[in-house]
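Everything on this sheet refers to the single structure shown next.
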Amino acid sequence: MHAVCRSKQDKPRARPCEPIIRCLQKLHNAQNVTSMSAMVTRLEMIANQRGLVSHLSPTETACYLTADLFYLEVLLLPGGGVEDVKVAQHGEAPESNVSLLQLLRMKKFEEFSQKLTDLASLYNIPGDNDTKVKVYTALQHLQKDLVKISNLPRYLIERDVHVDMVLNGRLGSIMPSRGGSPMSIQYYISPSEILKKMKHPGVGTHSQVAMVVVGASTTTHRLQMDSVIPTPPQVDSLGFPVLRSLSEVCTESLPASFLLRLQPPLPTLKSLIHKMSQITELPPEAALQGVPLFQLLESAFLEKKSYGRSHDGMDAHFLMSLPDDEFHSYVFCGAAWECDSWNGALLHTVSFTHPAHVPALLELFRHQSAINVLLASCITGHKHHPGLVYDLICEIVPESDYSFSVTFSLLDSDSLAVLLVSVVNSRRVRCRLLMPGGMDHFLDDYICKVLTRCMSIPITMRAIRKRLARMRFSPPHPSEPDSAVNTKSSPPHLSMSSTPCCLPVKCPPFCAVLP
């Protein structure tokens, strides 16, 4: 046992020591870091876990965590405090890292350790240091090109500049790489998060983010060693940047590829994963055996809310509580959602080799996010209560690609109505209400506007229910404005130019109908 624990070369034989290491880690976690020596001990343990080397400065006032191509300098204070954390990447001067500093000051050592893993991933490529330096150089050129693409002039669509950049920008809202943190692209934000941002400007919002990193590959790929953007930058007739091919710039054949790492992972339809593979000409990272998309969304919701998983593979019933004591029930028919066109996988990363791939990939991410937000709006942690009287019972069934239907009973009638929803892309949703008596295009347009603004099935069904109730007693003339609806401005989300309106039909503001 002694030889097993002390051996550094025979890794398989070191496994019996893992329980001891875990016990030591738990003991350290249970102890308060109240001295400089305790902080050094904790940093040394994190370094050992992450494959880094640690040592103290000659004055013992700084602890260094080093790897082949980067290092961290932690400036220590008496009593276990930290004055500063600096990160020095290959060939770059040390920079203070506020996020790492705050994690150590708050004694959040697990999160600090995870940050080191993200930093090490920038160099997690097989090969010698020369190869790793070339991969990092290629990543730097990619990041600079992405920033240039994002900064090309374009027309502003939404009132909120940040929201417009996220939803309508050439890429999204870019946070450049700094202090060891990889570049991130915020590419989608839901209407509920936009509303939260409007009501509480200082509070952070939950959004879809893609981290721009590199990953090892079993095959070599040619990666850029120079910018692919011509000087001066050019755009085509559609406003997209003109980029040079890899054959026109200096490249290196390396055992790596660029990656978009999705946070959180994105439940994605197989058809969209296939489109991503066609864009990049690389095999998909996600397994394509397929799971019904609504099951992936339910699992993500339950995990986020820390609920236990209760789906039994059959029909799933969800209870939705809305204002004014209104209750809806939403049913997902398990057998119907097992169709191949609505099967998907949880997408963690997407590989690519050229900056031109990124805008197209992000557009597909947005499309999938819009689908997910609509379906997830019907998923809650509250299950069906047989004794409860529901104001509306809806069955949600998949139709063709990117289209689904919501079937419900009409008020005081044995007749059924069907709302067909088609998510054309992240900015355009089509709606058609089928019910006895034929179609009403003005009502369809109203429904489309409501759904486009709120991206919520329950809120839209509540609006439909109210509109149908009013139409029973006083059918409005299509050309007359609806005075019963609040016409205050609503928060920006999707471009209304993508959902043309024939007549001035007003829809309720998002703030007024959000539960």
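General remarks:
- Reported count of residues in segment 411-432, each being under 37 Å from the mean Cα position of the chain (by Cα) and more than 25 Å from Gln368 (Cβ to Cβ), is 2.
- Verdict on Met165 being free of Cβ contacts under 8 Å to residues at least 24 places away in the same chain and within 30 Å of Asn124 (Cα to Cα): no
- Residue match in segment 369-389 (condition: open to solvent by less than 10 Å² (accessible area, probe 1.4 Å), part of a strand (DSSP E or B) and of a type in the set (A, V, I, L, M, F, W, C)): no
- If only residues of segment 147-173 that are outside any helix (DSSP H, G or I), open to solvent by 40 Å² or more (accessible area, probe 1.4 Å) and not acidic (Asp, Glu) are counted, the one that is nearest to Pro233 (Cα to Cα) is Pro153.
- When Val228 is tested against (1) open to solvent by less than 50 Å² (accessible area, probe 1.4 Å); (2) under 21 Å from the mean Cα position of the chain (by Cα), only condition (2) is not met.
- Of everything in segment 410-462 that is touching a Leu at 6+ places or on another chain (Cβ under 6 Å) and of a type in the set (Ser, Thr, Tyr), the residue that is nearest to Asp324 (Cα to Cα) is Thr460.
- Against the numbered list (1) touching a residue at least 60 places away in the same chain (Cβ under 8 Å); (2) part of a strand (DSSP E or B), Phe408 comes up short only at (1).
- Some residue of segment 298-314 being surrounded by 15 or more Cβ atoms within 10 Å (Cβ to Cβ), modelled with pLDDT under 90 and in a loop (DSSP other than H, G, I, E, B): yes
- Neighbours by Cβ (under 8 Å, 6+ apart or cross-chain): first from segment 136-147, within 17 Å of Ser184 (Cβ to Cβ); second among the hydroxyl-bearing types (Ser, Thr, Tyr): Gln143/Ser177; Lys144/Ser227; Asp145/Ser227
- Odd one out for His348, checked against (1) open to solvent by 10 Å² or more (accessible area, probe 1.4 Å); (2) in contact with an Asp or Glu (Cβ under 6 Å, 6 or more places away or on another chain); (3) not in a helix (DSSP H, G or I): (2)
- The single condition among (1) over 26 Å from the mean Cα position of the chain (by Cα); (2) assigned to a loop (DSSP other than H, G, I, E, B) that Pro201 does not meet is (1).
- Within segment 136-146, being among the polar types (S, T, N, Q) and open to solvent by 50 Å² or more (accessible area, probe 1.4 Å) holds for one residue alone: Gln140.
- Every residue from segment 438-475 that is in contact (Cβ under 8 Å) with a residue 12 or more places away in the chain, small (Gly, Ala, Ser) and in a loop (DSSP other than H, G, I, E, B): Ser456
- Residue match in segment 53-70 (condition: open to solvent by less than 20 Å² (accessible area, probe 1.4 Å), more than 19 Å from Ser177 (Cβ to Cβ) and touching a Gly at 6+ places or on another chain (Cβ under 8 Å)): no
The values are calculated or read from the model by the stated rules, or taken from the named source; none is laboratory data. In this text the structure is predicted, and so the values were computed from the model without any measurement. Cβ: placed from backbone, ideal geometry, glycine included. Neighbour counts: every protein chain shown. Only protein heavy atoms, including side chains, enter the accessible area calculation; ligands, DNA and RNA are left aside. Shrake-Rupley method; radii C 1.70, N 1.55, O 1.52, S 1.80 Å.
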